[in-house]
Structure formats: structure tokens, C-alpha cells
Amino acid sequence: MYSPSRLATVAITYLLLFLLVGCAGAPGGIENREVRLSIARLGSSNGDPDGFAALRSAFRLRNPGHDVSFQKNTRALVTYSKTRAAFVQSGEARAEISGGLLHRISNLSVGDIVILRPGEGLLADKQLSFVVFELPDNPPQELPSYVRPDWDPSITDTPGGCAEEEGAYRRILLTWKPEVGPYIWHGINAHRVRISDSFSHYHPVVGGFDEFYLVQMVQPGGCILTSPHVKAIESRNVNRDSAAKLIRRDDLDVGDLVYLPRGLIHRGLGGVLAQVITVPGFRPGAEIGVDHHLRAINEQLQLSDEKAIPYHLNASLEAVVK
């Protein structure tokens, strides 16, 4: 039987071995990071409870006081003591908010948001599915209870961000800055956007925000590219072997909820109509582009054709911060 000192020595030895194996497991020039992509396939027949549970756990851990739930095929969101932003994921119905000072009625369809203040609930005449964010702060008093980007004349196309091409569909429902939209809330922002080829970027861990894609339409080939390897890419400390492991590709389907935590590089491609949701709201200066680094890595390693790291051409011409 080991003595206490012997047990301590064995424990330290195993800990050192674990750390060495963990470091050795990282590809050359690339650091291991805990930040990672989560996708809940909410459009699947069972709603992907395991995928959603993992996504929810990661989000709650990074955002104390916040929560997210999926309410599938329901006619009611019961009254609750906290503020909620409910995003319509599927269905069409006529709904009524009750529990506050006024009863408010509206049609609802995919792409709309319902803002439920403390003590309010929702009842619809047909089934709807919602992704519901619980938030610690109340919305501004002037914010409407229903935000409907395809039906509100004050919400118009505003190219930029993930959709800068001419004629892009990008409608800002909740924003940080009054010059880009009528409805201001710093607790959570959202814009409904058709993503054809966004630039590669991340939101910093300090001073940034988490982001979600609630996917509502997808063209064949629609996908998202991600990488946790910010340090390696920005330092351009990458060799030919590790370059192939820098970027991960995930194909997307209608109904997917994609969680992109702070510090994860991401880029949407191929035609994806999504509700892009940020928690807290979008902070100016917190979109850090990396395409110029990706292009430089390709050039320094002479990578081409199928071995080249994908990047956004226009955004690679100089450093981009938005």
C-alpha cells in the first residue's frame, strides 16, 4: 500500500504525463483551445435534445444570468418572471401577449421575434416552435413586443457585416446603434441575413460577444467554416501539416442552431438565410478579421488548389475590424 507521500508523487507524475500528451496532441504550431462550435439540429424529427443540451450548457457557462431553451410545436409560452426574446423557428400563427398592461395581438412567422417582459406570456392559435433566450436585463420601454423584419416598414435592407454584396438581404431587428436600425437593445441583438460569402472573423473574449445562427433556409453547399486557432493564425506560426487542420467545415440544414462563442473564428458560405443573434448586443470594433493572415499563410507555405486555406478575397487585402 502506498504512503501519502508516494501517492502524491504518483499523482504528480500522471498529471505531468497528461499535460505532455495534451500538448503533443496539438498539431505543430497550433494551440488547443476550449472554445468550440456547437450545433443543435433543431429541424430534425426529435429536435436533437443531446445537441441542444450541450449547446445550452456551454452558453450558460460563458454567460451567467442567461439561458436558452427550445419550445417545439407549442401554442403557449407561459408567463415568467424574467425577460425573454423568443425567435420563431417554424410555423405561422396569430398570437396574443397577455399578462402585462395591454393585450397585444399579431401574426407571427419564421424570422419574427417576440419580446416578453417579466410577467408576460404568449398564446397562439396554431403551433409554433421558438428558440427562447432568457436575459437578465429588461428591454427599453419603447421597444415593441413584436419585431417582424419582413412586415415592418421601418426595417429595410442594410448591407454590411456578413452580407456586404449589392442587393444583399440583411434586416436588422435589434441593434446597438440607432443609425443602423430603429429598435435599440444592448442586451441582445439580431439581424436576419442571407449569407453568401462572409469574411472570416472572430469576436474577442474580452469585450466581444457570443453569436448564434438560427438557420431558416439553406442552398445546396451552404456551410460554416470555423477555427479556434486565433493565436496560430494571427502569429502565422503554421506549418504545412498543421495548415490542413486549421479550418473546420460544417454543412448546415434548416432549423440548425449554431453557437459561436467569443474567440472562435467563423465564416458563412454558400447561401444561408439565418437569424444572426448576438449576446450581449453587437459591440462596434468587436469583429476582428483574419483573412489577411490566412492569405499570408497560404503564400508563405505556397499552398494552392485543394491544399489552400480558404479565405475571403476582398477582406484579405488589409486588416479588417468592424
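Here, each number is a calculation from the coordinates, and none is a lab measurement. All of these numbers come straight from a predicted model, not from anything done at the bench. Counting neighbours? That spans all protein chains shown, and the Cβs are built from the backbone with ideal geometry, glycine included.
Assorted remarks:
- Reachable aspartates and glutamates from Lys322, criterion Cα separation under 19 angstrom, eight or more residues apart if same chain: Asp157, Glu164, Glu165, Glu166, Glu179, Asp197, Asp210, Glu211, Glu234, Glu287, Asp291
- Summed residue charge, Cβ within 12 Å of Val206's Cβ, Lys/Arg positive, Asp/Glu negative: +2
- Ranking of Leu273, Leu61, Leu174, Leu123 by neighbouring Cβ atoms within 10 Å, starting from the fewest: Leu61, Leu123, Leu273, Leu174.
- Radius of gyration, Dmax [segment 30-316; alpha carbons; angstrom]: 19.2, 65
- Dividing the summed helix terms, -39500 (n - 2.57) for each DSSP H run of n ≥ 4, by the number of residues in the chain produces a 222 nm estimate of -5500 deg cm²/dmol to the nearest 500.
- The angle separating the long axis of helix 291-301 from the principal Cα axis of greatest extent in the chain is about 20 degrees.
- Note on Arg36 and Glu306: the model spin-label points, each 7 Å out from Cα along the C-beta direction, lie 2.7 nm apart.
- Residues in segment 38-74 reached by a label modelled at Gln127 [backbone nitrogen below 17 Å; 7 Å Cα→Cβ]: 42-49, 70-74
- Taking N as its residue count, the alpha carbon Rg of segment 262-322 over 2.2 N^0.38 Å: 1.31
- For Val180 and Thr74, the FRET efficiency from 1/(1 + (r/R0)^6), where r spans their Cβ atoms and R0 equals 45 Å, is about 0.85.
- The slack between Glu92 and Glu318, meaning 0.36 nm per residue of separation minus the straight C-alpha distance, is 76.9 nm.
- Partner lysines whose Cα lies under 29 Å from the Cα of Lys82, excluding those fewer than 8 positions away in the same chain, are identified as Lys72, Lys126, Lys177.
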